[in-house]
Amino acid sequence: MNFKEIYLHLYLLKTQKNYFLIGVLPFLLLGYSTGINFFYYLIVVTAFISVLDVRSRYIDFLKIRKNINNENYMRYVNSMHFSPCRRNVTAAAYGDIKFIQKIYYNMGYRWYHMLPDDIHKRLFSKKYWKAAMFRKMK
């Protein structure tokens, strides 16, 4: 594994850690300030979901990394724009993170777009959870 591969793996872990903290920190503060144990259970559930999400994003990374080249990168850019995790995976798999982030910026996505597109329609669908948590390696 060369330096660029290590950098891309660290980039993915850093972005996933940031999304995890955004999801966990409010529950942690509520549990600490109120003393209610219910919020600590939410942290455990959020951590479990985050681990499954990291696993699925890593499988996406490997799949895209194996198939992406300079001619077909827009196919992956257009198909992975629904959530920030997937946008970061596409950028890391292509290797030129700034170039892909500029494409997503031109598409209208900013750093504060944390929730997936149309979350209210997708959140309760089986397809969403299968793609988000239980992606299989082929």
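Restricting attention to the range 51-72 and to residues that are charged (D, E, K, R) and over 16 Å from residue 82 (Cα atoms), the residue that is nearest to the chain's Cα centre (by Cα) turns out to be 55. Only one of the listed residues (82, 38) is at pLDDT 70 or above and either on the phi > 0 side of the Ramachandran plot or among the aromatic types (Phe, Trp, Tyr) (or both). That residue is 82.
The rows are residues; the columns are (1) over 15 Å from the mean Cα position of the chain (by Cα); (2) at pLDDT 70 or above; (3) surrounded by 11 or more Cβ atoms within 10 Å (Cβ to Cβ).
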position	(1), (2), (3)
108	yes, yes, no
114	no, yes, yes
120	yes, no, no
130	no, yes, yes
138	yes, no, no
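Residue 44 meets the conditions (1) within 22 Å of residue 134 (Cβ to Cβ); (2) of a type outside the set (D, E, K, R); (3) at pLDDT below 70; (4) loosely packed, with under 13 Cβ neighbours inside 10 Å in every case but one. The failed one is (3). Could you list, in sequence order, all residues of the range 83-110 that are out of contact with any Lys or Arg (no Cβ under 8 Å at 6 or more places or on another chain), over 14 Å from residue 11 (Cβ atoms) and not in a helix (DSSP H, G or I)? Within the range 83-110, 83, 107, 108, 110 qualify. All of (1) free of Cβ contacts under 8 Å to residues at least 40 places away in the same chain; (2) within 14 Å of the chain's Cα centre (by Cα) hold for residue 48 with one exception: (2).
The values are calculated or read from the model by the stated rules, or taken from the named source; none is laboratory data. Keep in mind that this is a model prediction, so the values were computed, not measured. Because the Cβ atoms are built from the backbone with ideal geometry, glycine has one as well, and the counts that use them run over all protein chains shown.
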